[in-house]
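A short write-up of the structure that comes next.
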Amino acid sequence: MADTGEGKKEEADYKRLHSFPLIRHTDMPEEMRVEAMELCVTACEKYSTNNESAAKMIKEMMDKKFGSSWHVVIGEGFGFEITHEVKNLLYMFFGGSLAVCVWKCS
């Protein structure tokens, strides 16, 4: 029992240390980048156990704010090769190993 509690404590400490968003790549303008990053953090915290709902929330908000044709992928351990509109890509990590990729293509 003590081992299980200690393992959960270490995992919680790790997630607390890595709870800040880490931008891996972006070509968005500063204002759009800040809004998209805050939206991603909010969605991932709100739907911490459901990546599909978080992605849907991000996509719908980006469509409303910056026009349609936004796409969102959230998960761990994935790769991608995409075509996107210039100045409309954000790839970031949040909460340790959770990756979020947001891009626009029409």
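The values are calculated or read from the model by the stated rules, or taken from the named source; none is laboratory data. All figures in this text were calculated on a predicted structure; none of them were measured in a lab. Here the Cβ is made from the backbone with ideal geometry for all residues, glycine too, and neighbour counts use every protein chain on show. The area values use the complete protein model at the heavy-atom level, side chains included, leaving out ligands, DNA and RNA. Shrake-Rupley method; radii C 1.70, N 1.55, O 1.52, S 1.80 Å.
Tabulated results
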item: The range 57-106: proportion of alpha-carbon pairs further apart than 17 angstrom, %; result: 34 percent
item: Debye, to nearest 20: dipole size of the range 20-104, +1 on Lys, Arg Cβ, -1 on Asp, Glu Cβ; result: 100 debye
item: Around Asp27: net Lys/Arg minus Asp/Glu count, Cβ-Cβ under 10 Å; result: +1
item: HN-Hα J in Hz across the range 23-32 - Karplus 6.51, -1.76, 1.60, θ = phi - 60°, x for Gly and Pro; result: 7, 8, 7, 7, 10, 6, x, 3, 5, 5
item: Approximate spin-label separation Ser97-Ser69, in nm, with each point projected 7 Å along Cα-to-Cβ; result: 3.6 nm
item: Accessible area in square angstrom per residue, the range 14-106, 1.4 angstrom probe; result: 61 Å²
item: Percent carbon-and-sulfur accessible area, the range 20-104, ignoring ligands, DNA and RNA, probe 1.4 Å; result: 51 percent
item: Segment Lys46-Glu60, length gained on full extension (0.36 nm per residue, minus Cα span); result: 3.5 nm
item: Rg in Å to one decimal, and Dmax rounded to a whole Å, for the range 20-104 via C-alpha atoms; result: 11.5, 32
